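Written out below as C-alpha cells is the structure these notes cover.
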Amino acid sequence: MDAGLPDPDLQITVVDPEFHPKYPASADLGYRRQLIAIHYDGKHHGRERQLNKDVLRNAAFERHGYRNIVVTARDADNAYARVIREVRRLWPSP
C-alpha cells in the first residue's frame with residue numbers, strides 16, 4: 001500500500017483436486033480480480049517436502065488462471081521493490 005498499490009486480498013484459496021482432494025491451495029495475499037497470488041515462502045520452504053508442496057500449490061493457482069509471485073525474506077532487504085515491480089507488471093491494463 002505504501003507503494004501506491006491497492007489493498008490486497010488476504011488468504012486467497014483455490015479448490016483444486018490435483019493439489020489436494022480435501023484442502024484448498026492458499027496464497028498469503030494477492031488480488032482475486034486481477035488473478036495475482038502472492039506467496040511468502042519463509043525458511044521452512046527450503047525443505048524438500050515443503051518445496052514439493054509449494055510447486056503443487058503454484059500449479060494449482062496457475063490452473064485457475066493466477067500468476068504467482070513468490071516472496072522471500074531477502075525481498076524485505078530491498079523494501080519489497082522486486083515484488084512491487086512484479087505486481088505492477090502483472091496488473092492488467094485498463
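The values are calculated or read from the model by the stated rules, or taken from the named source; none is laboratory data. Model, not experiment: these values are computed from the prediction. Heads up, the Cβs are rebuilt from the backbone with ideal geometry, glycines too, and the neighbour counts pull from every protein chain shown. Each accessible area value is taken on the protein alone, full model and side chains, heavy atoms only, with ligands, DNA and RNA left out. Shrake-Rupley method; radii C 1.70, N 1.55, O 1.52, S 1.80 Å.
Observations on the model:
- Near pairs, Cβ below 7 angstrom, 6+ apart or cross-chain, from region 76-91 (open to solvent by less than 40 Å² (accessible area, probe 1.4 Å)) to any residue that is of a type in the set (Asp, Glu): 83/75
- So residue 73, is it open to solvent by less than 70 Å² (accessible area, probe 1.4 Å) and touching a residue at least 60 places away in the same chain (Cβ under 8 Å): no
- A single entry from 9, 75, 2 fulfils the requirement of being of a type in the set (Asp, Glu) and at pLDDT 95 or above: 9.
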